[in-house]
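The values are calculated or read from the model by the stated rules, or taken from the named source; none is laboratory data. Everything numeric in this text was worked out from a predicted model, so none of it was measured. Using ideal geometry, Cβ is built from the backbone for each residue, glycine included, and neighbour counts are taken over all protein chains shown. Note: areas computed on protein heavy atoms with side chains; ligands, DNA, RNA excluded. Shrake-Rupley method; radii C 1.70, N 1.55, O 1.52, S 1.80 Å.
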Amino acid sequence: MIKKGILWLHKWLGLFSGLVVLIVSLTGCVYVFHDDLKVLFYPEKYYVAEQSPSNEVVKALPLSTLTAIAQKALPNNEEITRIDLYPAKNRTWVFRAVKTNEDALTYAAYFTYNKRVFVDPYTGKVQAVENSKTEFFQLVLQLHMNLLLGKKLGHTIVSVSTILFLILTVTGLVLWWPKKWKAKTLKKGIAFDFKVKWKRLNYDLHNILGFYSLLFALLLGFTGLLFSYPSLKELYSNSFNKLDRNESVKTISFDTVTQQDVTSLDNALVYTLAKHPSADMMSVRLRKDEALHDIQVRLQKDRTGSYVWYYFNKEDGQISKIKNSNQAQTGDWLAGMNYDLHVGNFGGIFTKILYFLASLICASLPVTGFIIWWNKRKKSKKTRVKVAKLL
């Protein structure tokens, strides 16, 4: 009786959320490789011309100079708010101008503007200006996050559907669980028999693939919810932080940052680049109303959870504080790893492929589940018709 009720719940939650799960999973498949595909499809945006061989060390122009150049490439009403820069000598720096309308109900209205200016940091040449609002991978991301319906409505639908998907995953495991753990019964739950009729094969695709993707589905769903609900992420982080032993507060002294360029942010970046010449990427957010500059350093390729985050005082240009992933408490470290855990970056190409396959399986489950429901519905309808004729 209990299992029958769980089957009923599984069926209707699947029908209610299936289309959203299908869309989110398919876009997730694409987005797993978005960083790799972008540099492959748009090399003119992401790479600079090879520097002429010389013993002279090529240095980037001051950030304030490059920001002014990038700003001139945009209309007057579009303001640069973030810079993604690469210490590698063959990469452009990306100046991002984004303004959103959080109350918009459509994608077209959600972004007032969303531009990226790609600049050669050594010559100041603007290599490309991208309207990211219509760029393919940005559309994939927004379809994944909010179904192109804007954050207010679309994000809510995706978040609720993700919760339902997690419930479906758990109820699916209950339905898969054999009544008796016999070799023959277990084999039916983990191995395909391609000799059976297509309806049975479809059932097995739903049942067996759902079992094999269980852990990935739970991880994808849970990490997705942490993006949707900051309060849940904070609770999650704080809970794990409590597992760490309390340590005595240590007095930390920071390096002195030389002040020789035009602005304190220029000096901060010169210091950070010298400190981390082999880092993968750095991000600078231009916050006018705050007392600190912040520069986030991503130490390893595609690993947002491996970082050092510097905060510089705007007035004197000196370091105020540093956050380091290696010294973070357990909860803060897990929270910092959330993006990597969600997209599969943490293990390189191997985990990316695993996440791609897992997302593809998750996309197939609503389809095979719908076919199971439709076939049973047709069978039930035929039975009712026969009974009616007999009466």
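Here's a check for you: in the stretch 299-353, which residue that is of a type in the set (A, V, I, L, M) and within 22 Å of PRO277 (Cα to Cα) is farthest from the chain's Cα centre (by Cα)? Write out each step before concluding.
Just the residues of the stretch 299-353 that are of a type in the set (A, V, I, L, M), to begin with: 299, 308, 319, 322, 328, 334-335, 337, 341, 343, 349, 353.
Then drop every residue that is not within 22 Å of PRO277 (Cα to Cα), which leaves 299, 308, 319, 322.
Values: LEU299: 18, VAL308: 20, ILE319: 30, ILE322: 24 Å.
Among those residues, the one meeting the criterion is ILE319.
If you take the residues in the stretch 143-159 that are part of a helix (DSSP H, G or I) and either among the small types (Gly, Ala, Ser) or open to solvent by less than 10 Å² (accessible area, probe 1.4 Å) (or both), which one is farthest from LYS45 (Cα to Cα)?
Initial filter on the stretch 143-159 (part of a helix (DSSP H, G or I)): 143-146, 151-159.
Going one step further and asking which of them are either among the small types (Gly, Ala, Ser) or open to solvent by less than 10 Å² (accessible area, probe 1.4 Å) (or both), we end up with 146, 154, 159.
Numbers: ASN146: 27, GLY154: 30, SER159: 33 Å.
This residue is SER159.
Pick from ASP340, ASP316: which is open to solvent by 50 Å² or more (accessible area, probe 1.4 Å) and on the phi < 0 side of the Ramachandran plot?
Working: ASP340 fails: open to solvent by 50 Å² or more (accessible area, probe 1.4 Å).
It is ASP316.
Filter the stretch 250-281 for residues that are of a type in the set (Val, Ile, Thr) and under 14 Å from HIS293 (Cβ atoms); which is surrounded by the most Cβ atoms within 10 Å (Cβ to Cβ)? Can you show your working first?
Restricting attention to the stretch 250-281, the residues satisfying the condition of being of a type in the set (Val, Ile, Thr) are 251-252, 256-258, 262-263, 270, 272.
Checking the rest, the ones that are also under 14 Å from HIS293 (Cβ atoms) come to 257, 262-263, 270, 272.
Working: VAL257: 20, VAL262: 11, THR263: 16, VAL270: 19, THR272: 23.
Among residues in the stretch 250-281 that are of a type in the set (Val, Ile, Thr) and under 14 Å from HIS293 (Cβ atoms), the one surrounded by the most Cβ atoms within 10 Å (Cβ to Cβ) is THR272.
Those residues that are within 35 Å of the chain's Cα centre (by Cα), open to solvent by less than 100 Å² (accessible area, probe 1.4 Å) and not aliphatic (A, V, I, L, M), I need them from the stretch 175-215; list them, please.
Taking the stretch 175-215 first, the residues within 35 Å of the chain's Cα centre (by Cα) are 175-177, 189-192, 201-215.
Retained after the next criterion (residues that are open to solvent by less than 100 Å² (accessible area, probe 1.4 Å)): 175-176, 189-192, 201-211, 213-214.
Result: TRP176, GLY189, PHE192, ASN202, TYR203, ASP204, HIS206, ASN207, GLY210, PHE211, SER213.
How many residues are of a type in the set (S, T, N, Q) and under 30 Å from LEU273 (Cβ atoms) when one looks only at the stretch 103-160? Walk me through it before giving the result.
Here is the first cut: in the stretch 103-160, the ones of a type in the set (S, T, N, Q) are 106, 112, 114, 123, 127, 131-132, 134, 138, 142, 146, 156, 159.
Still in the list and also under 30 Å from LEU273 (Cβ atoms): 114, 123, 127, 131-132, 138.
Of the residues in that region, 6 qualify.
Mind checking which residues of the stretch 100-118 are farther than 17 Å from ASP84 by Cα and not hydroxyl-bearing (Ser, Thr, Tyr)?
To start, the set of residues in the stretch 100-118 that are farther than 17 Å from ASP84 by Cα comprises 100-113.
Of everything in the stretch 100-118, those that are farther than 17 Å from ASP84 by Cα and not hydroxyl-bearing (Ser, Thr, Tyr) turn out to be ASN101, GLU102, ASP103, ALA104, LEU105, ALA108, ALA109, PHE111.
Filter the stretch 228-249 for residues that are exposed (fewer than 10 other Cβ atoms within 10 Å of the Cβ) and among the polar types (S, T, N, Q); which is modelled with the lowest pLDDT?
SER248
Does GLY172 satisfy the condition of being in contact with a Pro (Cβ under 9 Å, 6 or more places away or on another chain), open to solvent by less than 40 Å² (accessible area, probe 1.4 Å) and either within 24 Å of ASN375 (Cα to Cα) or among the hydroxyl-bearing types (Ser, Thr, Tyr) (or both)?
Details: in contact with a Pro (Cβ under 9 Å, 6 or more places away or on another chain): no; open to solvent by less than 40 Å² (accessible area, probe 1.4 Å): yes; either within 24 Å of ASN375 (Cα to Cα) or among the hydroxyl-bearing types (Ser, Thr, Tyr) (or both): yes.
The answer is no for GLY172.
Taking interchain pairs and intrachain pairs at least six residues apart, which have beta carbon atoms under 6 angstrom, with the first residue in the stretch 336-360 and in a helix (DSSP H, G or I) and the second open to solvent by less than 40 Å² (accessible area, probe 1.4 Å) and among the aromatic types (Phe, Trp, Tyr)?
Pairs found: none.
Being part of a helix (DSSP H, G or I) and of a type in the set (Asp, Glu) is the requirement here; does ASP204 meet it? Steps first, answer last, please.
On the way: part of a helix (DSSP H, G or I): yes; of a type in the set (Asp, Glu): yes.
For ASP204, the condition - part of a helix (DSSP H, G or I) and of a type in the set (Asp, Glu) - is met.
Quick test of your reading of the structure: VAL58 fulfils all but one of (1) open to solvent by 60 Å² or more (accessible area, probe 1.4 Å); (2) closer than 25 Å to GLN300 by Cβ; (3) over 24 Å from the mean Cα position of the chain (by Cα). Name the failing condition by number.
(1) is the only condition that VAL58 fails.
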